[in-house]
Amino acid sequence: MDRYKKSDEYLARALKVTPGGAQTLSKRAGRFPEGVYPTALKYGEGSYVFDLDCNKYLDMICGLACMTLGYERKDLRDAAVNYLDYSGGVS
């Protein structure tokens, strides 16, 4: 299916080097219906994830518990960097 062309190409490569195509059993492509689910994600933003083909999804699988705070939260990243700068934790 063209909607997942890049994701499927990536999965074919991943299957050559990683059993099941992913190190986490719950994220393996075999757990999901073939042809109707992305097999590779590129990044997350807030509560959404984007696959290699630029399709956007609400992350209902909870990307290994990241959904507590969401993906790529600039406010949280900035707060952590500021704390580390202030405490001398960043060199």
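The values are calculated or read from the model by the stated rules, or taken from the named source; none is laboratory data. These numbers come from a predicted model, not from an experiment. We place every Cβ from the backbone using ideal geometry, glycine too, and count neighbours over all the protein chains shown. Note: accessible area is taken over every heavy atom of the protein model, side chains too, but ligands, DNA and RNA are not part of it. Shrake-Rupley method; radii C 1.70, N 1.55, O 1.52, S 1.80 Å.
General remarks:
- Scanning segment 46-61 for residues that are modelled with pLDDT of 85 or more and part of a strand (DSSP E or B) yields TYR48, VAL49, PHE50, ASP51, LYS56, TYR57, LEU58.
- Criterion applied to ASP78, ASP53 was being out of contact with any Gly (no Cβ under 7 Å at 6 or more places or on another chain), open to solvent by less than 70 Å² (accessible area, probe 1.4 Å) and either under 16 Å from TYR4 (Cα atoms) or polar (S, T, N, Q) (or both), and the one residue passing it is ASP53.
- Failed item in (1) modelled with pLDDT under 80; (2) open to solvent by 90 Å² or more (accessible area, probe 1.4 Å), with VAL90 passing the rest: (2)
- Considering residues of segment 6-29 that are charged (D, E, K, R) and either at pLDDT 90 or above or farther than 12 Å from ALA40 by Cα (or both) only, the residue least open to solvent (accessible area, probe 1.4 Å): GLU9
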